[in-house]
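Here's the structure we're looking at; comments come further down.
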Amino acid sequence: MRKFHCRSRVGVAAGAGSAIARRLGAGILLGTLLIGPAGNTADAPDAAAQANNPLANMTALNFQDYYIGRITDTDEDGNQFWVRFAKPFSVAKTNWLMRASLPVNSYPVAADGGIATGIGDLNVFAAYLFDTGNPAVSFGLGPQITAPTAPDERLGSEKWSAGFANVLFDGRSKRFQYGYLLTWQASFAGSDDRAEVNVGALQPFAFYQLGKGLYLRAAPIWVYNFDNDAYSVPLGLGIGQVIKRGKTVFNLFIEPQASVAYRGSGQPDWQVFAGFNMQFLQ
C-alpha cells in the first residue's frame, strides 16, 4: 500500500525523484547481471506463479519505486521509494503474515521549488490467513497501523492511523494469476494542527506468464481520500522477470502507469512503478 502526504496524493520533487529512479533502474539491471541468465534459473512454474503473491508463505524483502513524471496542477516530477519486509508467523495454531513498509519521500516544500527528502511514516499490517482449501489461493484479513515516523514534519502526516488490510491472490493457474489488496485507515491521534487521515486504497493486480519466468503485469493503486473527496485511478501495463536461484526467488519488474481519472491537485498524471523483490524459500 502506498502512503501519501497529507497535503497531496504523492510526494513530488524535481531532480531527486528522477535521480532515485535512475539508480533503481541501474540496480535492477545490475541485479539481473549478477543473478545470471533468466533462462537457466526461472524454469520453475510454481515459483513464477507465486512470485507476486503478497501472502506467500515465505519471508520477503522488496525494494520498490514510484517515479511520478508529472503531478497534476504542477510542472513538478516526484518520487516515492519503498522498502518492504514480509514475514509469516503463527499464533495459537493460526497462520498470519506481517508486512512492514517504510517510504523515502521527496516533496516540494516551497513555492520556489525547494524540496525535502527523507523517510516517511511506517505502515504495518498483519493479515490472518484463512484456510481456503487450496494452497494456491490465498485470502488474508487483518489490522493495519501507520506510525508518524517521519523526522521531518513536511514528509509525513504527524498522525497515528489505523484500519484494515484485505488481500486475495488466486494462483491456481500457472499461466494467469490475479487478486487485489484493499486497505483503509483513519487517524486517531497525533498533531492537532495537521489534517485528519481517512484514506482507502484498492490495488487490483493481474499477471500473465509468458514462460521461463517472463510475465506481463498490471498492478495500479486506486486511492480515495474520504476527507476531501480527492481520488486517482491509474492504469498500467508492465513486464517482469522471475528468477529462481537456489532458495531465493528474485522478481524484477517495471510498469508504466497513467491516470485515466482523478480529482484534486497533486495527483500523478503518469508514473513508472519499478521493483526488485526477493522471496526466501524455507
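Some points to look at:
- Cα-based Rg of region 132-230 normalised by 2.2 N^0.38 Å, two decimals: 1.38
- Rounded percent of accessible protein surface that carbon and sulfur make up, region 148-282, 1.4 Å probe: 59
- Treating r as the C-beta distance of Y178 and T74 and R0 as 30 Å, the FRET efficiency rounds to 0.30.
- Each of R263, R70 has its accessible area taken with a 1.4 Å probe; listed largest first, they run R263, R70.
- Note on region 203-265: Kirkwood radius taken over Cα pairs, Stokes-Einstein applied at 4 °C and 1.567 mPa s, translational D equal to 97 µm² s⁻¹.
- Longest to shortest principal axis, alpha-carbon extents of region 66-197, angstrom: 57, 37, 21
- Solution diffusion estimate, µm²/s, Stokes-Einstein, region 173-282, Kirkwood Rh from C-alpha pairs, 20 °C, viscosity 1.002 mPa s: 134
- Separation between Cα centres of region 121-195 and region 43-86, rounded to whole Å: 14
The values are calculated or read from the model by the stated rules, or taken from the named source; none is laboratory data. Just so we're clear, the structure is a prediction, and the values are computed from it rather than from any experiment. Cβ atoms come from the backbone with ideal geometry, glycine included; neighbour counts cover every protein chain shown. Ligands, DNA and RNA are stripped out before the accessible areas are found, and what is left, the full protein with its side chains, is counted by its heavy atoms. Shrake-Rupley method; radii C 1.70, N 1.55, O 1.52, S 1.80 Å.
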